[in-house]
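Take a look at this one; I'll ask things after.
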Amino acid sequence: MLALLLVNVQFLFAQINRASFRQLSDDEQFTFVDTYITEHWHDFLDPKKKPAAVADYKIMLAEANGPRTICLLKLFWHRNQVINSDAKSETKLADIQSVIRLAHDNELRVEEAICQVVWCIGVLRHGGKIEDRTRRILVYDAALQAITTLEKQPLSVLHNYHGPAFDIDHHLWWMSIYFFSIEEYELARQIALFGEQVLHPTLTTRKVFPYGYNFYKWQFLNDLGSCHLRLGKLREADHWYRKAYLFARSIGSQIQSAVSYGNLGVVLSKQGKPAAAIPHLERAVQVARLENDRQSEFNALVPLSEVYLHLTQYDKAYRAIQRSMALYDSVHAFVNQTDSLNIIPLFAGLGEVYQHRGNLNKALFYTQLANRLTEKKQANDDYRIFRQKQERYETEAYQTRLNQIDADRDRAVWLEYTAIGLLVLVALGSLLYISYQRKRRREAEQQLERIAEEARARTGQLIQLQQAQETATKPTTDENLPHIARLMELAILTEADWERFQQLFEQVYPNYLLRLRRKHTLLTPAETRIICLSRLSLSTKEMADMLGVSTDTIFKTRYRIRKKTSLPEGADLGEAFADV
């Protein structure tokens, strides 16, 4: 109940209208949140303004729809926890990993890569129980993956990530410093070069933030020169130091221009030009002393003392070494990478100066001290090289295992999708086969129906034909026999004979001729006579004798009758015209 009351009280400080924010589209919400964080990021660090900022944040997180907006909000919050909070390290790293999974699941590649860099910073700052060696391996692998992903993106896309939530410039600069400090110069050079390309004059600079475009630009340029110098690439080092120097002069920064100018002197001394290096290094020492920048003064005095010794200017070398020794403790107090090994040139120089002055005891002491430190440095370098090789081997093995896991997972997903696809194809094939079989069955049923209709029609025709045949073959009654006998004895040679034949025929088959003429109006009298004689079942010769014509005439007349009445060839006329 108390927690609910606190939440409700906290929301009283909110400045954002929840309903209005909810109605925004995904892209509009993302733009709104990015603008809000850019304008109010410092409110989260101000105790007076923090309640209102936190209330606004919770409203935006609760009402956010798109994964980009949610990822932006969570990364901003957890990044502040990593950098500014005293919470437990395990909780911080788990929170960042949850954002990484969110970005990965939604294929937000840039967000995922930036979250990996933030996670690396969290591991280095709050590693907890992780041992140093394991920490370096994890950070090296994650940072390399993140940089590789970011380098594949166009600059127009990366320019959307300069805000205080993603803060891509600061994260890249921080990682380049870390890898330079552990002497991973090649990776530090790669990150610094990429960071210098990503910078934007307008987007990188923001309200109430001590660092901006000018700061990061010079840092990346100077770091690129330092990386090339450590890698022994003096020409490239001179190129980047010169660009850093010119840029510092263009923005009017005395200390930055002096540092880069002094670095150019270091390059000249490495190139075997100690006399030309002195003005550069003396200018760097002078400006650093005026600006009270002890670290820059120390960094310039050490190579300057070496140049003086090389030119046998022992008095100047002694003064430079004494000043360096005085600065060492204060510099070492706040610069972790400055350890006892960095003072080796000073001890060696003191030994050389005291030898020149004839103080052999001090010369021997400092020379032996420098030699012991040199041996220690050599042992450390050998160990570092071995450690780096071993860690890289383990990193490659770890990455190989991760790649194998990803490959197995992708293969499992592919097999799953393939199985689903095959099941879908089988289902579709089964549906198509069932549909086809149903269609064939319907066609077969329709065909059977047509055959049944035809069979019924043919059956009706056969019944009618059978009835006609029965009528034709029906026994003639006894009373019609004398008439039929007289009809068969008549000779139809004249019209009078035909009249007499019709009278007798009508007695045997009443109204037959009338029905025949009505049904077949195209029949001629001669053809009618043939039909009547066929009705009496007379042979062709008998018909020819009765009509006094040849048998060919009978055949031709039958042919014409069949043609007019659409009878098939060879059909019996007596049977065909029996039922008229």
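On a C-alpha basis, how far is the centre of segment 145-190 from the centre of segment 498-554 in Å? Whole number, if you could?
119
Further question: Rounded to the nearest 0.05, what FRET efficiency do N371 and S181 have when you use their Cβ-Cβ distance and R0 = 30 Å?
0.70
Return the FRET efficiency for the residue pair R109, A427: r is the Cβ-Cβ distance, R0 is 30 Å, and the value is rounded to the nearest 0.05.
Efficiency for this residue pair is about 0.25.
Sticking with this one: Which distance in nm do the two modelled labels at D27 and H310 give, with both placed 7 Å along the Cα-to-Cβ direction?
My value for the distance between the label points is 5.9 nm.
I'd like the chymotrypsin sites (Phe, Trp or Tyr not before Pro) in segment 488-580 restricted to DSSP loop residues with at most 13 other Cβ atoms within 10 Å, sorted by number.
Passing sites in segment 488-580 do not exist.
While we're on this one: For I255 and T418, FRET efficiency with R0 = 60 Å and r from the beta-carbon atoms, rounded to 0.05?
Using R0 = 60 Å, I get an efficiency of 0.40.
Could you work out the local net charge near F247, counting Lys and Arg as +1, Asp and Glu as -1, over the other residues with Cβ closer than 11 Å to its Cβ?
Neighbourhood net charge equals +3.
Also: Per 0.36 nm of contour for each residue apart, how much would the distance between Y559 and H42 grow if the chain were fully extended, relative to their Cα-Cα spacing?
Fully extending the segment from Y559 to H42 adds 174.3 nm.
Could you give the length gained by full extension between D497 and I451, i.e. 0.36 nm per residue of separation minus their alpha carbon distance, to one decimal place?
Once the chain is fully extended between D497 and I451, it gains 11.4 nm.
Suppose the chain between L567 and A275 were pulled fully straight at 0.36 nm per residue; how much longer would it get relative to their current alpha carbon spacing?
Full extension of this stretch gives 91.7 nm more.
Here's a follow-up. Around K563, with a cut-off of 13 angstrom between Cβ atoms, what is the net charge of the other residues, counting Lys and Arg +1 and Asp and Glu -1?
+3
Counting only other residues whose beta carbon sits under 15 Å from that of L61, what net charge do I get with K and R as +1, D and E as -1?
+1
For segment 217-259, with every protein chain kept in place, what is the accessible area per residue (1.4 Å probe, Å²)?
Normalised by residue count, the accessible surface of segment 217-259 is 46 Å².
Once the Cα atoms of segment 13-70 are picked out, what are the Rg and Dmax in Å?
When restricted to the Cα atoms of segment 13-70, Rg and Dmax are 11.0, 32 Å.
Also, I was wondering about something else. Between T202 and S537, with labels modelled 7 Å along Cα→Cβ, what's the label distance in nm to one decimal, could you check?
11.9
A further question follows. If you average the sequence gap of Cα pairs under 8 Å that are 6 or more apart and divide by the length of segment 90-227, what percent do you get for the contact order?
19
Right, here's the next one. What number comes out for accessible area per residue over segment 293-332 if the probe is 1.4 Å? Units Å², please.
46
Hey, another quick one. What order, most packed first, do the peptides 343-355, 296-308, 520-532, 33-45 have when packing is the mean number of other Cβ atoms within 10 Å of each residue?
Output ranking for 343-355, 296-308, 520-532, 33-45: 296-308, 343-355, 33-45, 520-532.
The values are calculated or read from the model by the stated rules, or taken from the named source; none is laboratory data. Nothing here was measured: the structure is a model prediction, and the numbers come from that model. For neighbour counting, all protein chains shown are included, and Cβ atoms are generated from backbone atoms with ideal geometry for every residue, glycine included. Side chains are part of the model used for accessible areas, which takes the heavy atoms of the whole protein and leaves out ligands, DNA and RNA. Shrake-Rupley method; radii C 1.70, N 1.55, O 1.52, S 1.80 Å.
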